[in-house]
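The values are calculated or read from the model by the stated rules, or taken from the named source; none is laboratory data. Given the structure is predicted, the values throughout are model-derived calculations rather than measurements. Don't worry about glycine lacking a Cβ; one is built from the backbone with ideal geometry, like all the others, and counts go over all protein chains shown. These area figures cover heavy atoms from the full protein model, side chains too; ligands, DNA and RNA do not enter into them. Shrake-Rupley method; radii C 1.70, N 1.55, O 1.52, S 1.80 Å.
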Amino acid sequence: MTVVRSIIRGVGAHLPKRIVTNDELAKTLDTSDAWIQERSGIRQRHIADDSELTSVLGAAAAKQALIRAGIDPVEIDLVICATATPDRTFPATAVRIQNMLGVTKGAAFDVQAVCSGFVYAMTIADNFIKVYQFKRALVIGAETFSRILDWEDRSTCVLFGDGAGAVVLEAHHQKGTREDRGILATRIRSDGRYEDLLYVDGGPGSTKTTGLLRMNGREVFRHAVQKISGVIEETLVETGYSADEIDLFIPHQANKRILDGIAKKLNVAPEKIVMTLDKHGNTSAASIPLALNQAFEDHRIKDGSLILMEAMGGGFTWGAVLARW
Ligand code: UT7
């Protein structure tokens, strides 16, 4: 008997043109390149200009993923955009991207799970594909976090950046074993008790403004390693793999010290970790597909590579996806 799996057919990414280094931030903020690098691992980030909307970045990333997959936009029947920085409160940024790409069938909607958005969106798309509701999905993570940063708050504004990444998923019949290609296991979690540790202090339904990001970094950090390790272990138990069988670890890029902590706890060799936060900062829902794209362009992903993606963000939300390329 065969099962339907979501195969990753293509990956793409797009970054705003402007690069802002730590030294540039230190000109107007009481901070330094040394502090930012030592505490987070970040060296620079891309910042969008007024014309580089979340939809524009997302559509460019999706276009590249479609070209690499050799799939025409008219064959896509599901577009999910993970974002916490939509162009407009509504309609969904995914609908705008659908229109920009010329996708005319199926459904398009946004997913709001902040930094875990891409893991949530992959999980949702995978479940739709597995029940035969859609055949080819574009899963996009796109953010313009620079628009919701308090540029006078050095404890947050130095950490984030803008960008987008995307993958094309396609339904394929597989044997139903752990050696299959495609998404093998997913886990998503949330716990609203932690809402006030990472949030935006505004919204259309409360202040009628967009609001700015607020974070208790130390507390978020304290929860991150334990929560992320938990969902990773669950995907490994479900598939019967051990952490040392993972070929590539593609984590959400929030802090190098968090990534090192998870790798140590799970015994993942440092050379298997894809690290892009030095160049991009924390791009929220875009960070995993941006890192996946970087690994693809660096020829680190081979046919059959076992890839683990994980994230944690505001809510708290967290989750993991285990997939074979
Ligand atoms: O993607 C969503 C999930 N988010 C995360 O995973 C973020 C998790 N948290 C973190 O990555 C870290 O907590 C931070 C990088 C945000 C901060 O690192 P930390 O080691 O936890 O530093 P801290 O907040 O404990 O601050 C240490 C000191 C403080 O000074 P005092 O109180 O010790 O005198 C801060 O005021 O560093 C100071 N500080 C800075 N100094 C220079 C905070 N921000 C800066 C800055 N430049 N930009």
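Look at G70 and say whether it is open to solvent by 60 Å² or more (accessible area, probe 1.4 Å) and under 29 Å from A185 (Cα atoms).
Working: open to solvent by 60 Å² or more (accessible area, probe 1.4 Å): yes; under 29 Å from A185 (Cα atoms): yes.
The answer is yes for G70.
Name the residue that is nearest to the ligand (Cβ to nearest atom), counting only residues in the range 22-55 that are more than 11 Å from G281 (Cβ to Cβ) and β-branched (V, I, T).
It comes out as T31.
Checking the condition within 16 Å of the ligand (Cβ to nearest atom) and part of a strand (DSSP E or B), which residue from A166, A185, A142, A137 passes?
Being within 16 Å of the ligand (Cβ to nearest atom) and part of a strand (DSSP E or B) holds for just one of A166, A185, A142, A137, which is A142.
Any chance you could count how many residues in the range 128-147 are within 20 Å of the chain's Cα centre (by Cα), open to solvent by 10 Å² or more (accessible area, probe 1.4 Å) and hydrophobic (A, V, I, L, M, F, W, C)? Lay out the reasoning, then the answer.
Initially, the range 128-147 is screened for residues within 20 Å of the chain's Cα centre (by Cα), giving 128-129, 136-147.
Still in the list and also open to solvent by 10 Å² or more (accessible area, probe 1.4 Å): 128, 136, 146-147.
Filter once more, keeping what is hydrophobic (A, V, I, L, M, F, W, C): 128.
So the count comes out to 1.
I need a count of the residues in the range 16-42 that are buried (at least 17 other Cβ atoms within 10 Å of the Cβ), assigned to a loop (DSSP other than H, G, I, E, B) and in contact with a strand residue (DSSP E or B) (Cβ under 9 Å, 6 or more places away or on another chain).
2
Only one of A60, A65 is open to solvent by 10 Å² or more (accessible area, probe 1.4 Å) and in contact (Cβ under 8 Å) with a residue 12 or more places away in the chain; which?
A60 is the lone residue from the list that is open to solvent by 10 Å² or more (accessible area, probe 1.4 Å) and in contact (Cβ under 8 Å) with a residue 12 or more places away in the chain.
Go through the range 157-205 and count every residue that is open to solvent by 70 Å² or more (accessible area, probe 1.4 Å), free of Cβ contacts under 8 Å to residues at least 40 places away in the same chain and of a type outside the set (D, E).
2
Could you tell me whether the range 234-246 includes any residue that is within 16 Å of the ligand (Cβ to nearest atom) and β-branched (V, I, T)?
no
Of all residues in the range 240-258, which are touching a residue at least 40 places away in the same chain (Cβ under 8 Å) and crowded, with 17+ Cβ neighbours inside 10 Å?
So the first thing to find is which residues in the range 240-258 are touching a residue at least 40 places away in the same chain (Cβ under 8 Å), and the list is 240-241, 245-252, 254-257.
Listed by number, the residues that qualify are Y241, I246, L248, F249, I250, P251, H252, A254, N255, K256.
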